[in-house]
1. Would you tally the net charge around TYR126, using a Cβ to Cβ cut-off of less than 9 Å, leaving TYR126 out, and scoring K and R as +1, D and E as -1?
2. Nothing charged except the Cβ atoms of Lys and Arg (+1) and of Asp and Glu (-1): what's the magnitude of the dipole of the chain about its Cα centre? Round to the nearest 20 debye.
3. With everything on Cα atoms, drop me the angle between helix 21-32 and the longest principal axis of the chain, reported from 0 to 90° to the nearest 10.
4. Check cross-link reach from LYS29 to the aspartates and glutamates: straight Cα distance under 17 Å, and skip same-chain residues fewer than eight apart.
5. Around THR72, under 13 Å between beta carbons, what's the net of Lys plus Arg minus Asp minus Glu among the other residues?
6. Of the listed values (i) 48, 28, 27; (ii) 44, 34, 27; (iii) 43, 39, 26, grab the one calculated as Cα extents along the principal axes in Å from the structure here.
7. May I ask you to sort MET69, MET36, MET60 by Cβ crowding, counting other Cβ atoms within 10 Å and putting the fewest first?
8. PRE reach from ARG4 (point 7 Å along Cα→Cβ): which of the stretch 46-70 fall under 17 Å by backbone N?
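Quick note: the coordinates plus some simple rules give every number you see, no bench work behind them. All of these numbers come straight from a predicted model, not from anything done at the bench. So basically every Cβ, Gly included, is an ideal-geometry build from the backbone, and we count neighbours across all protein chains shown.
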Amino acid sequence: MGNRFETHGDFSWSELCSRDLEGSKKFYKELLGWEMEETPMQEGRYTVLKAGGEAVGGIMPMPASVPEMVPTHWATYVTVSDVDAVAKKAQDLGGTMIVPPTDIPGVGRFSTFQDPQGGVINVIKYLKK
């Protein structure tokens with residue numbers, strides 16, 4: 001089995017963007033028993049979700065730039081070998097860029113786009129550790 005943080009095309013991370021951070025954390029901790037570890041980020045704090053001590057996802061406050069009509073939602077990340085190339089190819093195939101290729105300090109590079117049918121997905125290339 002490959003490493004989900006290195007294998008191109010592998011689903012590697014899930015992240016909840018929440019309008020009620022404390023409510024979301026309480027719900028999922030009680031529902032799934034996730035361990036939660038707070039870490040700082042530029043826009044506030046980020047909560048790493050852990051199952052059996054292994055990081056499996058995160059919860060973050062909804063970014064201020066997101067329109068109020070967008071509800072709390074889960075975002076999925078797929079590992080790719082070249083974020084810029086995949087972002088360009090997504091546009092060439094009729095996708096709409098939502099977040100252009102962007103660096104996340106200490107994590108890697110990501111991009112968010114919408115496919116022609118309306119599905120939104122994130123692609124990411126993690127930094128080697």
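1. On the way: positive: ARG109, LYS125, LYS128, LYS129; negative: GLU6.
That works out to +3.
2. 160 debye
3. Taking the Cα atoms of the chain, the angle to 21-32 is about 80 degrees.
4. Of all the aspartates and glutamates, those that pass the test against LYS29 - Cα under 17 Å, at least 8 places apart if same chain - are GLU15, ASP20, GLU37, GLU38, GLU54.
5. -2
6. Here the calculated entry is (iii).
7. In increasing order of surrounding Cβ atoms, one gets MET69, MET36, MET60.
8. Within reach of a label on ARG4, which here means backbone N under 17 Å from a point 7 Å along Cα→Cβ, the stretch 46-70 contributes 47-60.
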